[in-house]
1. Please go through the stretch B:178-227 and give me each residue that is surrounded by fewer than 17 Cβ atoms within 10 Å (Cβ to Cβ), closer than 23 Å to residue B:100 by Cβ and touching a Pro at 6+ places or on another chain (Cβ under 9 Å), ordered by number.
2. Would you pick out the residues in the stretch A:201-228 that are crowded, with 23+ Cβ neighbours inside 10 Å, part of a helix (DSSP H, G or I) and either within 14 Å of another protein chain (Cβ to nearest Cβ) or in contact with a helix residue (DSSP H, G or I) (Cβ under 6 Å, 6 or more places away or on another chain) (or both)?
3. When residue A:147 is evaluated against the numbered criteria (1) touching a helix residue (DSSP H, G or I) at 6+ places or on another chain (Cβ under 6 Å); (2) under 24 Å from residue A:277 (Cβ atoms); (3) within 11 Å of chain B (Cβ to nearest Cβ); (4) at pLDDT 90 or above, which criterion, by number, is the only one it fails?
4. Is it the case that the stretch A:335-352 has a residue that's hydroxyl-bearing (Ser, Thr, Tyr), within 14 Å of another protein chain (Cβ to nearest Cβ), in contact (Cβ under 8 Å) with a residue 12 or more places away in the chain and assigned to a loop (DSSP other than H, G, I, E, B)?
5. Does residue A:310 fit the bill of being of a type in the set (Ser, Thr, Tyr), closer than 30 Å to residue A:85 by Cα, surrounded by 19 or more Cβ atoms within 10 Å (Cβ to Cβ) and at pLDDT below 80?
6. How do the helices (runs of 4 or more DSSP H) wholly within the stretch A:1-90 filter down when requiring 2 or more residues that are away from chain B (no Cβ under 14 Å): which remain?
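The values are calculated or read from the model by the stated rules, or taken from the named source; none is laboratory data. Quick caveat, the model's predicted, so the values are computed rather than measured. Every residue, glycine among them, receives a Cβ derived from its backbone with ideal geometry; neighbour counts consider all protein chains shown.
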Amino acid sequence: MSLPSSEVFRSAALTRQLAGEIRQVVTRPWNIMEICGGQTHAILQYGLDQLLPPEITLIHGPGCPVCVTALESIENALQIARQPDVIFCSFGDMLRVPGARANLFSARAEGADVRVVYSPLDAVKLARETPQKQVVFFAIGFETTVPSIAASILHAERNKISNFSILPANVLVPPAMHAILKSPDNRVNAFLAAGHVCAVMGYWEYEPIAAQYRTPIVVTGFEPVDLLRGILMSVRQLESGRSEVENAYERAVTREGNPDAQAMITQVFEPVDRQWRGIGLISLSGLGLRPRFKSFDALERFALAHQAVSESPLCIAGQVLRGNATPHDCPAFGRECTPASPLGAPMVSSEGACAAYYRYQRVKT
Amino acid sequence: MTKTNYPNLQGPVCPLPLQPGGQIVMGHGSGGGMTRDLIVNVFQKYLGNAILNAGNDSALLNGELVAPPGYQLVVSTDAHVVFPLFFPGSDIGRLSVCGTVNDVAMLGAQPKYLTASFILEEGFAIDELEKVLASMRDACAEADVRIIAADTKVTEKGKADKLFITTTGIGWAPAGRKITGDQAQPGDAVLISGALGNHGIAVLQARGNLGFQSDVQSDAAPLNHLTQALCAAFPDVHVMRDPTRGGLATTLVEIAQQSSVTIQLDEPEIPIDASVRAACDLLGLDPLYLANEGKVIVILPEEHAEDALSFLRAQKYGEKARRIGRVIARSSGQLLLRTALGTTRVLDMLAGEMLPRIC
């Protein structure tokens, strides 16, 4: 095709054609969960839900990495960032996520040196350039961000950059899918798996999940054509009673994924139990540093006071993140809770379900 | 026999005070001789004119210097802080002139005068200051405005970021002309004078931490000649506003709320350069929220939209003008975007600092 790929995958004609096919195939109601916050963002940005027949309900999954980062991790981040001689580095949209009382923006306003980086390797570079400072990177995100974080640890070790560390808070997709499917109030009939996670991890690890829970899983990209193809393939499976793992993001994802990236992750990290904000503890759902790399763990390096923390009682973020409520169900939505003063994490990132609803669907059209 | 060294008493024996080198020192803000030298040798060299050089506490405007009968005064003020000071296509000097000139021009007024106050950080290089002043001089010449009053203060190192410039603009418009944000009417067309987001990306690029190179240039430009010509040719222009910080979306939400109307944009019609779109895709930013410094939104009755569009395209800085939407109804104030897919979504104001998405 002669169009640039981004134009092909945003083509109005192709998107409408796919929506038409979905309407033809569907015969009864189905709930499909898109795992990844980037997909939620794209669905609402392009208004793709408006193109779907009423039988299809999209449930927004727990895949907004800033939304599910535990309150305790944010409180630890704030404590570290406020220490003298620390440069605290983070991906941008983490800065506005509320802790119990403050966020990284307010810590910065009070004098903490908090910086936005696009890559953890930028934080390592900063550490090399400012040896008199402790540079800490807030390691959040799903498997997508982990290889570059692992690379930054290996780079720091190789170059003996001892003033670099990470605050480990990465999370993994498959344990969250197990948790959702095992839950007694689960409504999910099929999953759109997160394309960028699968670009790293492949999709072999989803095959047992699809089989165990008889739930179709379709690896899906982020452009309108990608998303509607993923939905169409899910609906075809559901209507024909199949539950397989299929790939609708062939241009980026193979079954095996990226073996070099996986090897790097395994070398540096090991699975650990992790709290998910709004969801709770999911066993072996996070990544912690292996013993050899513990010296790069900010939790070991900084003596942190333990704080009891609790969420706003108004916020129903947990229900939203589990797919049991939509932001419109929340009494605080758009009133006490807005992107400018969020009560819960999903109102913060543009990938968060509440912020996406607030931005694109505050008034139902 | 030992040789005795005698001090040489021929010539000066007190240490001579060092002449200030090429940087701003606290003495430049003392109000004394160094301040005067800086004003005369640096500021007046670029910005000087008869009114400014008169050296009084304030500028005296009378006779042909004031608005003729039948005109109303328009005043705007704007503080300019930008990091870095120089970025592709522009710098803080050009920005500080264009920003205020454009604010005055958006009400259909011809900007005439600026005042400028400069906050300099101790240690700021004087040749950088001269580059900024030269840029202000050129922008003033292009916009045909004069700086009639100015002030300089110096802060200790670390208490400011090199250079802040606040400018106030004064202009006048024919009495009765009412081009304000509350004038949009259902049935009006919404035009934009050119492509969006270039300034925002150019500044991000200049910060040097994007990890890629692009050729995007800031669009900073004085729009007063364009807006004056447009108002003369189309007296029923309802609204003009420059989509600066917060971008097109935030500015149109403001207008929708001021006018109590619903504005609907047609996404495929919104001009965005391919390089800006590519940078936004990579960075997870939305071009509709990126700052512009040389674009104007024009809202006017539908029946004149096509003529106004052709007119804009014949003007400097209006070559890529497009019709991007219309005012569709009375409401409490809402901005809708009709996507290329035929779906509709609500556009909101930028909530706070624009943050890149994680993935």
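1. none
2. Answer for the stretch A:201-228, where residues must be crowded, with 23+ Cβ neighbours inside 10 Å, part of a helix (DSSP H, G or I) and either within 14 Å of another protein chain (Cβ to nearest Cβ) or in contact with a helix residue (DSSP H, G or I) (Cβ under 6 Å, 6 or more places away or on another chain) (or both): A:201, A:224, A:226, A:227, A:228.
3. (3)
4. yes
5. Judged against the criteria, residue A:310 is not a match.
6. Counting at least 2 such residues, we get A:12-25, A:71-81.
Condition check ((1) touching a strand residue (DSSP E or B) at 6+ places or on another chain (Cβ under 6 Å); (2) of a type in the set (D, E, K, R); (3) assigned to a strand (DSSP E or B)) across all residues:
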| position | (1), (2), (3) |
| --- | --- |
| B:248 | no, no, no |
| B:264 | yes, no, yes |
| B:271 | yes, no, no |
| B:279 | no, no, no |
| B:285 | no, no, no |
| B:288 | no, no, no |
| B:304 | no, no, no |
| B:312 | no, no, no |
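Conditions (1) under 30 Å from residue A:165 (Cα atoms); (2) touching a Pro at 6+ places or on another chain (Cβ under 9 Å), marked per residue:
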site	(1), (2)
A:226	no, no
A:242	no, yes
A:249	no, no
A:254	no, no
A:271	yes, yes
A:278	yes, yes
A:301	yes, no
A:306	yes, no
